[in-house]
Amino acid sequence: MLLRIDHVGIACHNLEEKIEFYETTFGLTVVSREVNEEQGVREAMLHVADAPSGASYVQLLEPLHPDTAVGKFLAKRGEGMHHIGYGVADVTQALQDIAAKGIKLIDERPRHGSMGASIAFLHPKDVGGVLTELVETARH
Ligand code: MC0
């Protein structure tokens, strides 16, 4: 079901500072920047590698407000890894299959994600404490 690690989401207080860190430390390049009002984030995708099933990224996330998923996470836990996003071929089908196994979904239906992807989150309580995102990459 899982094709690859699509991205690792990292929560930070200052997006520009963290982008510079990843550029200078690891030589990564920003390929997309977006504000996602629904998710309450300003985010950047930095390309890491390409695989036959698609690319993988580091996603840096800065909250738009304290009262958002990432804002609450930062207040409770500080900066660090926020979620892992796995590539899937069909996010609607994957959600159905995972729900049938009794795993709690955050999103019953896919939502709009970075770079035109369809995304859905699974609850960390049912995935060993890991906030898990399914990502169906946009078709071009
Ligand atoms: C919260 N918890 C986490 C967590 N965030 N555990 C692991 N990883 C995380 N990131 C834990 C808390 O520690 C707490 O555990 C429990 O979940 C409830 O947390 P809360 O602080 O009371 O917060 P809630 O319940 O209001 O919300 C948590 C929940 C939420 C995961 C449901 O953050 C959510 O819906 N996230 C999905 C959307 C999201 O994260 N959007 C931002 C990225 P205890 O043990 O204290 O009960 S958007 C994105 O990434 C898009 C743009 C994209 O990829 O394209």
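Assorted remarks:
- Summary value for the stretch 65-140: 32 percent relative contact order, contacts being C-alpha pairs under 8 angstrom separated by 6+ residues.
- Low-density loop cleavage sites - GluC sites (Glu not before Pro) in the stretch 56-140, where at most 12 other Cβ are within 10 Å (DSSP): E108
- Under 14 Å, Cβ to Cβ, from D107 - net charge with Lys/Arg +1 and Asp/Glu -1: -2
- Amide H contacts for V41 (H built 1.01 Å from N in the peptide plane; partners 5 or more residues away or on another chain; cut-off under 5 Å): N36, L64.
- For H140, H82, H112, the sequence from fewest to most other C-beta atoms within 10 Å is H140, H112, H82.
- Listed residue (L60, H123, T137) projecting farthest to the positive dipole end of the chain, Cβ model: H123
- For the chain, the percent of C-alpha pairs falling in each 10 Å distance bin, counted from 0 to the bin holding the largest distance, reads 12, 44, 36, 8, 0.
- Likely footprinting exposure, F21, F26, F121, fewest C-beta neighbours within 10 Å first: F26, F21, F121
- Over the stretch 4-136, Cα pairs under 8 Å with separation of 6+ residues give a relative contact order of 25 percent.
- Considering only Y22, Y86, Y57, the Gaussian network model of the chain with Cα springs below 10 Å gives its largest mean-square fluctuation to Y22.
- Spacing of the two label points (7 Å from each Cα toward its C-beta) at M81 and I106, in nm: 1.6 nm
- Relative to the current alpha-carbon distance between Q93 and D126, full extension at 0.36 nm per residue lengthens the span by 10.0 nm.
- Going from the residue with the fewest nearby Cβ atoms within 10 Å to the one with the most, V135, V31 rank V31, V135.
- Modelled label positions at D50 and I5, each set 7 Å beyond Cα in the direction of Cβ, lie 2.1 nm from each other.
- HN-Hα J in Hz across the stretch 96-101 - Karplus 6.51, -1.76, 1.60, θ = phi - 60°, x for Gly and Pro: 4, 5, 6, 4, 5, 8
No lab work stands behind these numbers, since they all come straight from the coordinates. None of these values were measured; they are calculated from a predicted model. Because the Cβ atoms are built from the backbone with ideal geometry, glycine has one as well, and the counts that use them run over all protein chains shown.
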